[in-house]
1. Can you tell me how many residues in region 225-257 are touching an Asp or Glu at 6+ places or on another chain (Cβ under 9 Å) and of a type in the set (Phe, Trp, Tyr)?
2. If a residue must be assigned to a loop (DSSP other than H, G, I, E, B) and closer than 20 Å to ALA313 by Cα, how many such residues does region 331-387 contain?
3. List the pairs whose first member sits in region 140-169 and is closer than 16 Å to GLY284 by Cβ, whose second member is at pLDDT below 90 and buried (at least 20 other Cβ atoms within 10 Å of the Cβ), and whose Cβ atoms are under 8 Å apart, counting only residues at least 6 apart or on separate chains?
4. Looking at region 115-154 only, could you name the residues that are touching a Phe, Trp or Tyr at 6+ places or on another chain (Cβ under 8 Å), of a type outside the set (A, V, I, L, M) and closer than 27 Å to VAL358 by Cβ?
5. Could you please let me know if VAL131 is outside any helix (DSSP H, G or I) and either of a type outside the set (Asp, Glu) or at pLDDT below 95 (or both)?
6. Mind listing whichever residues of region 19-66 are of a type in the set (Ser, Thr, Tyr), surrounded by 18 or more Cβ atoms within 10 Å (Cβ to Cβ) and in a helix (DSSP H, G or I)?
7. Looking only at region 334-367, how many residues end up being under 20 Å from PRO321 (Cβ atoms) and in contact (Cβ under 8 Å) with a residue 24 or more places away in the chain?
Amino acid sequence: MTVSVALAGCTGSIGRQTVEVVTADPDRFRIDAVSVGSSVADAVQVVATTGARVLAVADEAARSTARDMLNDAGMGHVEVVDDLAPVCSEVDVVVNAVVGFAGLDITVATLAAGRRLALANKESLIAAGPVVQPLRSTPGAELIPVDSEHSALHQCLRSGTPDAGEVERLILTASGGPFRGRTLDELAQVRREDALAHPTWAMGPKITVDSSTLMNKGLEVIEAHELFAVPYDRIDVVVHPQSVVHSMVEFTDASTIAQLSMPDMRLPIAYALAWPQRGGTPFGRIDWATVGSLTFEGPDRATFRCLDLAIAAGRMGGDAPAVLSAANEVAVEAFLDGRLGWAAISDVVSRVLDAHDVAVPGTVGDVIDADRRGRIAAAAVVAQMAA
């Protein structure tokens, strides 16, 4: 039986690699629908490659362009729509590869439709945990993480729902990013291109900057808490520069199970698409004769403050993670635009979080409002710091 897939965010890094996974095993997977914000030329190429029957384009002007391009390419039969969410109920798996908070609608629509969600958009779960969690009990709904670390945890546990009586700790690994081992003084003048030069992973600019600040790892701690219902004091982070061990689970008898592979996001993508089976293409195979040494060390929390800021927001609960995520997006955008220094990203997030009064969101609208307020507060802080 062929697994039908909807791919939200088809032109980004995860989207492109999902296409590679599907085209590598066309008898097992097919992509029926894809979405894009405004990069319609790339999206039309994805449609041509995959044979998708639906293309959702968020930008209205780009939507008209997409129709013209499809007609010109002899693909006028492809339906062009404004939103992928209604299509989520028509496929077996939805891959949410949308960057940032904009991915929330797809997460909600997929789980509410009782479908499997292959989640690469960590912000939607982190920001909207109180709203998303009840949807996971929808009959048929499944949430399989695509982040390499959470996929590793899921693989170590296999059920995705650990027995709290057996699991001692979840251990997330971090590459350390491009600035591992450098001090705050050494990082005072880093440039955009420095932060985007990740030593291990090829990712989009926002998530690459998050990796450089360790905000990405802090968000992953929140995500691990939400995914596996493990308390924060039993989730640890270790720096592992080789990125071969993707995460570990330590059990109460001190036995530790780890998931290892060479860095290749196609492996966790294929795992999520094939669940509860495994993919058939050997992405990330290790040559054990040449892999070399694997090293581990604690994170530098004084230099990379975003790690503990994210964990603090997670412990605060309610809408604090939504505000944190929003503030971080604004600060990272300001850094990428040259309006803010790298070291100031954590300052913006810290000031916004310190001023926030936590509330518990009950609806998606509440989460959207928290995101809005976090962005406004962060923009004000950025303006003050840039003045």
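The values are calculated or read from the model by the stated rules, or taken from the named source; none is laboratory data. None of the values given here were measured: they were computed from a predicted structure. In this analysis, Cβ positions are derived from the backbone assuming ideal geometry, glycine residues included, and neighbour counts consider all displayed protein chains.
1. Number of matching residues: 1.
2. 10
3. These pairs meet every condition: ASP147/LYS122.
4. If the condition is that a residue be touching a Phe, Trp or Tyr at 6+ places or on another chain (Cβ under 8 Å), of a type outside the set (A, V, I, L, M) and closer than 27 Å to VAL358 by Cβ, then GLU123, SER124 are the ones that fit.
5. no
6. Result: THR50, single match.
7. Count: 19.
Condition check ((1) under 13 Å from the mean Cα position of the chain (by Cα); (2) within 19 Å of ALA322 (Cβ to Cβ); (3) surrounded by 19 or more Cβ atoms within 10 Å (Cβ to Cβ); (4) not hydroxyl-bearing (Ser, Thr, Tyr)) across all residues:
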position: ASP82; (1), (2), (3), (4): no, no, no, yes
position: GLY114; (1), (2), (3), (4): no, no, no, yes
position: GLU123; (1), (2), (3), (4): yes, yes, yes, yes
position: GLU149; (1), (2), (3), (4): yes, no, yes, yes
position: ALA152; (1), (2), (3), (4): no, no, yes, yes
